[in-house]
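Asker: Provided herewith is a single structure, encoded as C-alpha cells, for subsequent inquiry.
The values are calculated or read from the model by the stated rules, or taken from the named source; none is laboratory data. Bear in mind that the values here come from a model prediction, so they are computed numbers and not experimental data. All Cβ positions, glycine included, derive from the backbone under ideal geometry; neighbour counts span all protein chains shown. Protein only, heavy atoms only, side chains kept; ligands, DNA and RNA dropped before computing areas. Shrake-Rupley method; radii C 1.70, N 1.55, O 1.52, S 1.80 Å.
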Amino acid sequence: MKNWVGVLVFILCAFASAGQARSEGFDPSLTASRVKLGKPLTIMTRNLYVGADLFQVLEAQRPEQIPLLVAQTFQSIVKNSIHMRVNGFVNEVKNVRPDVIGLQEVSLIRLQSPGDFLIGNPMSAEIVIYDYLYELLRALKESGLDYEVAGQVSNADIELPMFVGGDENGPKLDDVRLTDRDVILVRKGIKVSDVKAHNFHTNLKLPIGGVEVNFTRGFVGTNVKVQGITYTIINVHLEVGGKAPFTLIQAAQMQELVRALATEPLPTILIGDFNSAPTDPTSQPYHQALAAGFVDLWDRTHPFLPGFTCCQDADLENKTGKLNMRIDHLFVRNNLNGRLPFSIVGLAEVSLLGENPDDMVFGLWPSDHAGVAARINLPFVQQ
C-alpha cells in the first residue's frame, strides 16, 4: 500500500509541475517510493508601501522645484502613516500565521533640520521619523506574534532638500532621507543560515531637477529549516516596468538573480514584488522566472482567476478596490535537489491578502498592493 501511495504522490506532483520535462538531467535511481510530501510550510509576500508616489518628484524641471515636490511627497507619507497602516498587516499575519514573510518597501525615513543639502550635504540626515521595520515588529509583538529578522538588504538611499516654511530671511529647508530595504522575517525559533544581501549591478539612474539620483534595488536570501526540511528563500523587489528604460533594467536585474540561483540545489522559494505580470513580453521577469524552472503558485492553484495585486490609489483612500495587475508573486523551484529536469510542487493553497475593502484600517488600505500567501507541501526525496 505504501508503494502505491508513493507512486500516486509522485505522479500528482509531476503533473503539478510548470517546468518542461526533458530526458537529460533525470536521475534514473529516483523511485516513486522515495518521494514523500513534506510537512506544511506557509509563506507570505507583502509590499508595505512607503505611503506616497515617489515618482512625482521626477516632475521637477529645475533644482529649485525639488524642495516643494519633496515636501508634498513627505506630507503624503505622514498622512498615510505606517503607524496606522501596520494594524492591517498584523491582522493578515494573525490569519495566515506564516513561517516566512518577505517584505518590500520597508522604509527608513530620517530628517535633518536645518538641512545642509544645498552646501554639499556634508552630514547625512539621522533623526528617525519612521522606521517601518520597527513599527511592524512592535505591532506583531504586541499582538502576541513573535517574528525575527532573518535577513535584510538596504537598497536606494536618497536624501533631498524639503521646503518647511520661510520668513524675511528666505525659505527654510530640511533634508529628508529615504532608505529602502527588503526584509525576510521568520517565526521565532526557525533556524536560519547562509544569509545573503545583494544590490543589483544594473539600476535606474534619473536626473531630478538636474540632480542625478540612483534608485538602487536588490534581493535578500537565506536558508531556513522548517519541520526538518531546509529551503532557500529569496525576497526581491525589481525595478518598475511599463516602458524603456524601466523594462530593460528590470529584465537585467532578474537575469542577475536567475544567474545567482542557477546552481542552488535546495528547494527554492522566490517571493516579492517583481513589477512584472504574466501578460508581459517573454523577455520580462515573470517569464524569466518560468524559463529558469520556477512554478507560479497562484497560476498553479487558480489558473482561471486574475489574482490582481496592484494597485490602489496612491492616497489609499479609494473605497472600492482598483487592483488590475498581478505583479507580486510566489515562485517555487523544487527539482528534488537536482534529480529532476523540472519542478514538482505537491500540494498548495494560495490566497490574496488585503484586497477587500473590509481590510482597510482607519479609512486606508494597508498598502497600494495586495499581499500573497501560500501553504505548501513540497515533495522531497527520502534518503
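Asker: All but one of (1) under 22 Å from P366 (Cβ atoms); (2) out of contact with any Gly (no Cβ under 8 Å at 6 or more places or on another chain); (3) charged (D, E, K, R) hold for K243, so report the exception by its number.
Answerer: For K243, the failing item is (1).
Asker: Still on this structure, please answer the following. Kindly indicate the residue of segment 112-131 that is touching a residue at least 60 places away in the same chain (Cβ under 8 Å), touching a strand residue (DSSP E or B) at 6+ places or on another chain (Cβ under 6 Å) and not in a strand (DSSP E or B) and also farthest from P63 (Cα to Cα) among those meeting that condition.
Answerer: Of everything passing the filter in segment 112-131, S113 is farthest from P63 (Cα to Cα).
Asker: Let me ask something additional. Output yes when any residue across segment 91-106 is open to solvent by 30 Å² or more (accessible area, probe 1.4 Å), at pLDDT 95 or above and outside any helix (DSSP H, G or I), and no when none is.
Answerer: yes
Asker: Just to be sure before I move on: is G165 of a type outside the set (V, I, T), closer than 21 Å to T73 by Cα, in contact with a strand residue (DSSP E or B) (Cβ under 6 Å, 6 or more places away or on another chain) and modelled with pLDDT under 95 in the structure I sent?
Answerer: So G165 fits the description; yes.
Asker: In this structure, does N275 turn out to be touching a Gly at 6+ places or on another chain (Cβ under 7 Å), open to solvent by 20 Å² or more (accessible area, probe 1.4 Å) and more than 25 Å from V106 (Cα to Cα)?
Answerer: Answer is no for this residue.
Asker: Also: Which of the following residues is open to solvent by 60 Å² or more (accessible area, probe 1.4 Å) and either under 24 Å from T268 (Cα atoms) or of a type in the set (D, E) (or both): K172, K196?
Answerer: Within the list K172, K196, the selection yields K196.
Asker: When segment 336-367 is examined, which residues are found to be in contact with a Gly (Cβ under 9 Å, 6 or more places away or on another chain), within 27 Å of T279 (Cβ to Cβ) and not hydroxyl-bearing (S, T, Y)?
Answerer: Within segment 336-367, F342, I344, V350, L352, L353, G354, E355, N356, P357, D359, W365, P366 qualify.
Asker: A further question on this structure: Where in segment 132-222 are the strands (runs of 3 or more DSSP E), entirely inside, with at least 2 residues that are closer than 26 Å to F117 by Cβ?
Answerer: Result: 147-167, 170-187, 204-208, 211-215.
Asker: Go through (1) among the acidic types (D, E); (2) part of a strand (DSSP E or B); (3) at pLDDT 95 or above one by one and return the number of the condition E256 breaks.
Answerer: (2)
Asker: Right, something else. Going by the structure shown, is P341 more than 25 Å from T42 (Cβ to Cβ), open to solvent by less than 30 Å² (accessible area, probe 1.4 Å) and assigned to a loop (DSSP other than H, G, I, E, B)?
Answerer: yes
Asker: Ok, one more. Residues I109, I66: which one is outside any helix (DSSP H, G or I) and surrounded by 16 or more Cβ atoms within 10 Å (Cβ to Cβ)?
Answerer: I109
Asker: Something else: Sort out which residues of segment 36-54 are closer than 22 Å to I327 by Cα, modelled with pLDDT of 95 or more and not β-branched (V, I, T), and write them in order of number.
Answerer: Selection gives M44, R46, N47, L48, Y49, G51, A52.
Asker: Let me ask something additional. So, in segment 35-51, how many residues would count as being of a type in the set (G, A, S) and either outside any loop (DSSP other than H, G, I, E, B) or surrounded by fewer than 22 Cβ atoms within 10 Å (Cβ to Cβ) (or both)?
Answerer: Selection size over segment 35-51: 1.
Asker: Here is a further query. Scan segment 281-324 residue by residue and report those that are open to solvent by 70 Å² or more (accessible area, probe 1.4 Å) and hydrophobic (A, V, I, L, M, F, W, C).
Answerer: Matches in segment 281-324: A291, F304, L305, F308.
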